[in-house]
Every structure is written in structure tokens, then in C-alpha cells.
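The values are calculated or read from the model by the stated rules, or taken from the named source; none is laboratory data. For clarity, every value in this text was computed on a predicted model and none was experimentally measured. Note that each Cβ is placed from the backbone with ideal geometry, even for glycine, and that neighbours are counted across all protein chains shown. Side chains are part of the model used for accessible areas, which takes the heavy atoms of the whole protein and leaves out ligands, DNA and RNA. Shrake-Rupley method; radii C 1.70, N 1.55, O 1.52, S 1.80 Å.
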Amino acid sequence: MTAIDAEVELPGDPQTDAPPQVDNLDALESEAIHVFREVAGEFDRPVILFSGGKDSTVLVHLALKAFRPAPVPFPLLHVDTGHNFPEVLAFRDELASRHGLRLVVASVQEYIDDGRLQERPDGTRNPLQTTPLLDAISENRFDAVFGGGRRDEERARAKERIFSLRNAFGQWDPRRQRPELWNLYNGRHRPGEHVRVFPLSNWTELDIWRYIQREKIELPEIYYAHRREVFQRDGMWLTSGPWGGPRDGEVPVVKTVRYRTVGDGSCTGAVESEAYTVDDVIAEVAASRLTERGATRADDRLSEAAMEDRKREGYF
């Protein structure tokens, strides 16, 4: 009997030589873990920016996987505006405690109280985070700062490399971006400079939620549909809190909403939603044509280049 008669697959058969198919989430996870390990080997004092939001929670999950069974070899850093959602702050503290991670908190409120910062006329504190952030980086001598930024979020973030050099003033210059060919990352920096590192650069919001589903990652409850009193301003549903409430003509109503992103309560809007589970959120995000920042962040609407201007000053 010949090989053909026996239907034996001969060497060179395209069916046997085809490379194995790699799941997209596996590839993204592998890239992010590789970045974490590169930074651990190349820098002396890295830190993870952790707000308790979905992206930074995925960052922490990836860091735990990257170094398991050893502990994560660097702390968490949160810049607390004083206007954060209480559910998110409680989640932040619980997660850090559960995994034995040191949490460094830089407080915008302390800077306002002692006169180093002044409240803005519009009441939002997101732009005020830059000075406490840069001071915390300098005081703790952090030389690599992990962030959860993704390129699909906003135009300025789409320009940024995975390793993003910041000068001695913490400022970002798009012209100093370095090539990252063949997944080779250049972390060289002068004394006083540091590098922002974005392991989730190539992820999308949908990738994040599918990964949360696969890995069964817990999140603050406000990411899922719930009843909340809100009022409409500039096309967004805002909620009352220490940051203020409705102005004249803005009528509070109770709606079923959820948050696609979490940040300073004065400028983070909710979206009407019936997405009570991860599966519901994935279906909702897949059908959306607006990024979460474009749909729910008032601070990104201050100007066409609001995010890029803040990044040049040292923002996340």
C-alpha cells in the first residue's frame, strides 16, 4: 500500500506545517507579562498606578501572574482627588490588602488644604492630579511607572509607546518617542527622568472586558448596572457628591446606569445601561461606537487637545 493509498500526511503538508493558532487574549496577556518582567529586570524602583478602575485592576492581575508564586516586587500608587467614588476607594483598599501590596496614596486634597494647589472654577480635580503625582514619583524615586492607558482610548494615547520617556520635570515630548521594533524596549534614562510603561497599549476596551470574563476578575460594583440618582450636564449623566450637585435647571432623576470608566466624580459620567453582568457589558461594549473616555469624561472635552496638553505637563 502506498502512502497515498493510506492517506498518510507527508512532510511538507500545509495542514501539519501551519503554525498553531494563538488566542488573541493569550497573545495580549503574554505581551503584558513580558513587559512587566522586562521592567522588573531593567529598573530599580517601579510602581503601578492603581485607581481601582478596570484597567488598573487588570494591570495588577497581570503583575500577579507575571511573578507568581513570588510576590509582586513593587508597590501601588494612587493619586486620590478627594472626589473619588467611595465604592472604588473601598475596592482599592481591599484589593491591596488581599494581595499584601503596599499602597502609596498622594492626596490632591492635602495639596489644596496647604495652598500648594487651588480649586478650579469648574470644580473638576482631574487636572490637579499632575503635581501630586510628580511629587510622589520624585519623593519615592520611582524610575518606572506602570499605567493602564490604552491606545484605543484617545488620540494622544494612540501616539504613545509602551515605554514612554518623561523628562526631569515629568513631561512628555512626542518627538522623543523611541522605536520599539521586535518587542525590544529601551528604558535608558538620565538621572531625574523616569519612564511611563503601558502594558495594555494594544488592548481595546472589549479585550479588557473579555479578559475580565475569562479570568473572573472582580471589579467595583459601579461598573455594572444599578439604580442611582443622576442629573444631566453637557450630555452626560453626573451624580451628586462632595464635588457638588445639580446647578439651576438641572433636575435630579433616578435611572439605571453604570460607569464605563471611573475617576473624579465631578467629571465622570454614567451611561444608561441594563448590563448587570460581565456578559451583558461585553455585548454592550461590542455594539458601542464611542470610547469610554469620549462618552463619559468631561475633562477630555475641555479642548480638542485636552489629554495631550495634560500629558505634556506630566499627567498619566
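Regarding the range 153-165, can at least one residue be identified that is assigned by the TED database to the domain that holds residue 72, under 26 Å from residue 83 (Cα atoms) and β-branched (Val, Ile, Thr)? Within the range 153-165, not a single residue is assigned by the TED database to the domain that holds residue 72, under 26 Å from residue 83 (Cα atoms) and β-branched (Val, Ile, Thr).
Annotation note: Cβ proximity below 7 Å between a residue of the range 64-88 that is on the phi > 0 side of the Ramachandran plot and a residue that is surrounded by fewer than 22 Cβ atoms within 10 Å (Cβ to Cβ) and among the hydroxyl-bearing types (Ser, Thr, Tyr) (sequence gap 6+ or interchain) occurs for 82/107. State whether one or more residues within the range 201-216 are more than 20 Å from residue 284 (Cβ to Cβ), in a loop (DSSP other than H, G, I, E, B) and not assigned by the TED database to the domain that holds residue 265. Yes, some residue in the range 201-216 is more than 20 Å from residue 284 (Cβ to Cβ), in a loop (DSSP other than H, G, I, E, B) and not assigned by the TED database to the domain that holds residue 265. Residue 282 meets all of the listed conditions (1) modelled with pLDDT under 95; (2) part of a helix (DSSP H, G or I) but one, namely (1). Among the conditions (1) surrounded by 15 or more Cβ atoms within 10 Å (Cβ to Cβ); (2) within 23 Å of residue 154 (Cα to Cα), residue 180 misses just one, which is (1). Checking 221, 153 one by one, the residue that is open to solvent by 40 Å² or more (accessible area, probe 1.4 Å), closer than 26 Å to residue 107 by Cα and acidic (Asp, Glu) is 221 and no other.
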